[in-house]
Amino acid sequence: MTGTTRRKALLAACGLLGGGLLICQVQAQSDPLNALAQTEAQQPLLAEVPAGSYQVKEFDWRDAGRQREVPVRLYWPSQLAADAKAPLVVFSHGIGGSRRGYSYLGAYWASQGYASLHLQHVGSDRQLWMGNPFSLPGRLQGAAQDTEAINRVQDLHFALDQILASPQGQQIDKRRIIAAGHSYGANTTLLAIGARVERKGELLDFRDKRIQAAIILSAPPFYGETDPAKVLAGVTVPSLHITATEDVIRVPGYFSEASDRIAIYEATAGPRKTLAVFQGGSHSIFTDRGGTGGVALNPRVKTATRELSLAFLRSVFDGLDDPLQQWGLQNKGLLARYVSGSGS
């Protein structure tokens, strides 16, 4: 099959030829046909991060208890003094992603003194794009089942155990651990901070008490759940929710409108919540893909997103609320709605 033929088959399987939103846009940085274009698209954003301000290391961990591979990429602040400690962000990708996605966030956070550990969830990662494109819808639906959702949050627990036990763990500030994720990864993050679902009469609780804050990008509703407030009542840490007015998800057999992201924000419990809704955009504008959601808008939203995340973390951990207020003023032209959530 030629590249062009495979591309058409992939588009057909994803529903684009019928006028729908391409699921590949959710995590298309994992499509090998787009790898070079996406790398080039993100060079300007990565170039904004000071040279030498971060290091990148990759580890191929294995959870022997679950017989499951957990590949990770670590962005580490280069300027961290030997006797200093860095806060840690643990990041979970969306469906079809990998540990190498969301580099514009990982590199930026590390340049600002935050270690950033990006997980790869085998079973809902980039391998979904491989193989027969006409069986792609079935692979995507299989990756969204309860077993994989549970495996993903267990990946997060395991990776956090591993990094804290590693040599780098000695320089991680255990009082400042943050979970973050996009799309499916946002659901993973919510489970890790106290979201609970009931299955077969049993309440499943995967909260990790080491996590002290959360960054939620484009969270879908929990599949099969009709009461998000009940699911999210157990969240007890501050959360930042980021979305866009065109943050719509269409995958084979599943549709989620942009208002679902707001419903997740409104239902989430916790001591404080911050919400940013960008005007326009798309569901995949928060991935490493350049151009999606608008060629001019895409880099502006990415830059604003990473700056907001830092302002949020400074508010949570350092009690500095001015950066949140200033961010809202500086980015007013990009926003449809903003709730700073500052203050105790």
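The values are calculated or read from the model by the stated rules, or taken from the named source; none is laboratory data. Just so it is clear, the structure is predicted and the values come from calculations on it, not from any experiment. Neighbour counts are summed over all protein chains in view; Cβ atoms, including those assigned to glycine, are modelled from backbone coordinates with ideal geometry. Side chains are part of the model used for accessible areas, which takes the heavy atoms of the whole protein and leaves out ligands, DNA and RNA. Shrake-Rupley method; radii C 1.70, N 1.55, O 1.52, S 1.80 Å.
The residues of region 318-337 that are within 21 Å of the chain's Cα centre (by Cα) and either closer than 13 Å to ILE215 by Cβ or open to solvent by 60 Å² or more (accessible area, probe 1.4 Å) (or both) amount to a single one, ARG337.
When THR268, THR189, THR243 are checked against the criterion of being touching a Ser or Thr at 6+ places or on another chain (Cβ under 7 Å) and under 30 Å from ALA81 (Cα atoms), a single residue qualifies: THR189.
In region 221-245, what count of residues is obtained for those that are closer than 22 Å to VAL277 by Cα, open to solvent by 10 Å² or more (accessible area, probe 1.4 Å) and in contact with a Phe, Trp or Tyr (Cβ under 9 Å, 6 or more places away or on another chain)? Going through region 221-245 one residue at a time, the tally reaches 3. Residues in region 172-185 include at least one that is in a loop (DSSP other than H, G, I, E, B) and out of contact with any Cys (no Cβ under 7 Å at 6 or more places or on another chain). Whenever a residue of region 103-130 is touching a residue at least 60 places away in the same chain (Cβ under 8 Å) and part of a helix (DSSP H, G or I), its partners that are hydroxyl-bearing (Ser, Thr, Tyr) and surrounded by fewer than 24 Cβ atoms within 10 Å (Cβ to Cβ), lying with C-beta atoms within less than 6 angstrom and at least six residues away or across chains, give the pairs SER111/SER53; ARG126/SER98.
With the structure loaded, tell me whether THR303 is over 16 Å from SER183 (Cβ atoms), at pLDDT 95 or above, of a type in the set (Val, Ile, Thr) and outside any helix (DSSP H, G or I) or whether it fails that test.
Numbers: over 16 Å from SER183 (Cβ atoms): yes; at pLDDT 95 or above: yes; of a type in the set (Val, Ile, Thr): yes; outside any helix (DSSP H, G or I): no.
No.
Residue check: is PHE59 of a type in the set (Phe, Trp, Tyr), assigned to a strand (DSSP E or B) and more than 24 Å from VAL301 (Cα to Cα)? So PHE59 fits the description; yes. Just so you know, in region 190-206 the residues that are under 21 Å from HIS157 (Cβ atoms) and surrounded by fewer than 18 Cβ atoms within 10 Å (Cβ to Cβ) include one that is modelled with the highest pLDDT, and it is ASP205.
Just give me the residues in region 182-207 being at negative phi and of a type outside the set (A, V, I, L, M, F, W, C), in sequence order.
Answer for region 182-207, where residues must be at negative phi and of a type outside the set (A, V, I, L, M, F, W, C): HIS182, TYR184, GLY185, ASN187, THR188, THR189, ARG196, GLU198, ARG199, GLU202, ASP205, ARG207.
Does at least one position in region 98-121 carry a residue that is in contact with a helix residue (DSSP H, G or I) (Cβ under 7 Å, 6 or more places away or on another chain), at pLDDT below 90 and either of a type outside the set (Val, Ile, Thr) or under 23 Å from LEU310 (Cα atoms) (or both)? No: zero hits.
Filtering GLY270, GLY280 for residues that are among the small types (Gly, Ala, Ser), part of a loop (DSSP other than H, G, I, E, B) and over 20 Å from ALA180 (Cβ atoms) leaves a single hit, GLY280.
For region 222-261, residues that are part of a strand (DSSP E or B) and without any contact (Cβ under 8 Å) to a residue 40 or more places away in the chain total 4.
Condition check for GLU198 on (1) assigned to a strand (DSSP E or B); (2) under 28 Å from VAL277 (Cα atoms): one failure, at (2). Is it the case that region 281-298 has a residue that's within 20 Å of SER340 (Cβ to Cβ) and over 18 Å from the mean Cα position of the chain (by Cα)? No, every residue in region 281-298 fails to be within 20 Å of SER340 (Cβ to Cβ) and over 18 Å from the mean Cα position of the chain (by Cα). Only a single item in (1) within 15 Å of the chain's Cα centre (by Cα); (2) over 16 Å from ALA180 (Cα atoms) is not met by ALA82, and it is number (1).
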